[in-house]
1. Give the shape of region 73-136 as rounded, prolate or oblate, defined through the alpha-carbon gyration tensor: a ≥ b ≥ c are the square roots of its eigenvalues, a/c under 1.5 means rounded, and otherwise the shape is prolate if a/b is larger than b/c and oblate if not.
2. Take every Cα pair under 8 Å in region 28-130 that's 6+ residues apart, average their separations, divide by the length, and report that relative contact order as a whole percent.
3. Does a label point 7 Å from the Cα of Asp7, set along Cα-to-beta-carbon, have any residues of region 84-125 with amide nitrogen under 18 Å, and which are they?
4. Arranged from highest to lowest average of other beta-carbon atoms within 10 Å per residue, in what order do the peptides 37-46, 70-79 appear?
5. Which ³J(HN,Hα) values in Hz, rounded to whole numbers, follow from the phi angles of region 65-81 under the Karplus curve 6.51 cos²θ - 1.76 cosθ + 1.60, where θ = phi - 60° and Gly and Pro get x?
6. What lysines sit close enough to Lys122 to cross-link, taking a C-alpha to C-alpha distance under 17 Å and skipping anything fewer than 8 places away on the same chain?
7. Given that just one value was derived from the coordinates, which of (i) -0.39, -0.54; (ii) -0.34, -0.49; (iii) -0.28, -0.41 is log10 I(q)/I(0) by the Debye sum over Cα atoms at q = 0.10, 0.12 Å⁻¹?
8. Given +1 on the Cβ of Lys and Arg, -1 on the Cβ of Asp and Glu, and no further charges, what dipole in debye does region 28-130 carry about its Cα centre, rounded to the nearest 20?
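Bear in mind that the values in this text are calculations on the coordinates, not laboratory data. Note that the structure is predicted; figures quoted are calculated from it, not measured. FYI the Cβ positions are ideal-geometry reconstructions off the backbone, even for glycines, and counts take in every protein chain you see.
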Amino acid sequence: MPDAKIDITDLIGKPFDLNGTGDTGWNCYNLCCEVCRRAGVEIPERQPIEDLSERSVAIEQGLCEHFINIEKPEPYCLVTFKVRPPYVTHVGVVLEDCRTFIHVMAKRNVVVERLDNLNWIKKIDGYYRYVRTPNN
C-alpha cells in the first residue's frame, strides 16, 4: 500500500452503523474498505455479520483469501483485534505513521487512536497487507 498521507478528516466523527457504507455511518470493515480505497487499494466488501463466531470465521477466511500476515504495522495495512476473545471481531486501518489506526465501533464514532493504547495493545491479533489475486 502507498506510504503517502491520505485525507480522512471527513470520516472522523461519523457514526457507527452495522450496515453502514458511508451514507448513514460505517461499520468497521466498510470503513476499512473506504480508507484503503482512498489509499488506492480496492479491497473486497463484505456484508456485516452479528454473530461473533460467524464474524470471526468470515474475517479469518477473508484474511486468508485476500491478505498476508505481516510482522509489524505498515501504512494502510489492516489491524485485527480480539475484542471478545477468542474471536477476531474488529478491524481497523493503520495510518501512515504506523503508530495510529482509524476505526469505528458500536456506540462510538469513527476515531483515530494509538496502537499502543492500553485499551488496544493487548487485543491486537495481527497486521495484514492486501494482496491482489487473480480472483479479486
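1. On the way: a/c = 1.67, a/b = 1.35, b/c = 1.24.
It comes out prolate by the Cα gyration axes.
2. On the way: 169 pairs, mean separation 31.1, N = 103.
Relative CO of region 28-130 lands at 30 percent.
3. Flagged as within label range: 96.
4. Working: 37-46: 14.4, 70-79: 17.6.
Per-residue Cβ counts within 10 Å, averaged per peptide and sorted highest first, yield 70-79, 37-46.
5. 7, 10, 9, 10, 6, 10, 5, 9, x, 9, x, 6, 7, 7, 10, 9, 9
6. Those lysines meeting the cut-off are Lys72, Lys82.
7. (iii)
8. Details: 14 positive and 15 negative charges, 74 e Å.
Result for region 28-130 is approximately 360 debye, rounded to the nearest 20.
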